1. Determine which lysines satisfy two conditions relative to LYS172: a Cα distance under 21 Å, and not lying fewer than 8 residues away in the same chain.
2. Within straight cross-link reach of LYS76, meaning Cα distance under 25 Å, which lysines are found once same-chain residues fewer than 8 apart are removed?
3. Starting from the 7 Å offset along Cα-to-Cβ, what nm value, one decimal, do you get for the label separation of GLN115 and ASP133?
4. Loop only per DSSP, at most 11 neighbouring Cβ atoms within 10 Å: give me the GluC sites (Glu not before Pro) in the stretch 57-120, ordered by residue number.
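All of the numbers you see were taken from the coordinates with simple rules; none came from a lab. Quantities reported herein were computed from a predicted structural model and do not represent experimental measurements. We place every Cβ from the backbone using ideal geometry, glycine too, and count neighbours over all the protein chains shown.
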Amino acid sequence: MRKLMNAFFVAGLLFTANIANAQQKLAHLNSAMIIEAMPEFKTGQTTLEALTKTKQTEIEKMIAEYQTKMSAAEAKQKTMSEANKEVIGKELQGAGVELQDLEKRINDAKAKAQQELEQKNTEVFNPIRIKADAAIKAISKEKGYAYVFDTANSAMVYFDGGEDITALVKTKLGISATAPSAAAPKK
């Protein structure tokens with residue numbers, strides 16, 4: 001009987017130890033704060049802003065040309081009389097075709113600019129996200145975390161406990177852990 005009691009006691013201890021071992025470590029971070037603190041992010045943002053401004057200037061020039069030609073056509077229409085109706089009519093018809101062509105070019109330029117900006121955004125920011133993701137995974141493995149929640153994407157609206165590893169990931173990336181960020185941590 002004593003042996004049976006000892007066996008149950010040992011089994012209970014092993015079961016309790018397994019349950020304690022089964023508890024997994026949890027942590028959270030704010031990926032937006034990490035990415036925005038990376039020097040590559042600031043450089044990428046500057047590059048994207050410059051491209052946006054260039055495309056915007058090109059389109060604004062085309063719009064200004066359109067408005068100038070439209071004003072000229074409207075002024076020409078006001079000079080139309082019975083005597084010059086045929087000549088002015090042909091000129092206005094030609095201006096109308098030219099304005100339609102210019103309007104199509106403006107719309108095409110806007111669509112192309114949007115595509116170029118999206119492509120540049122992907123080209124610039126994907127490597128930054130990949131680098132941050134690699135650092136997050138490395139810290140998570142080093143610290144033995146089973147789950148790491150990202151508070152930046154509102155996947156979790158409440159947390160109580162766990163370790164905030166944002167500073168550790170920043171340090172892994174060579175960023176000052178106290179570097180100011182544009183995004184405040186969400187809670």
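1. Partners within reach: LYS25, LYS42, LYS131, LYS137, LYS141, LYS143.
2. In chain and number order, the partners are LYS61, LYS85, LYS90, LYS104.
3. A separation of 2.6 nm, rounded to one decimal place.
4. Those that pass, being in a loop and sparsely packed, are GLU82.
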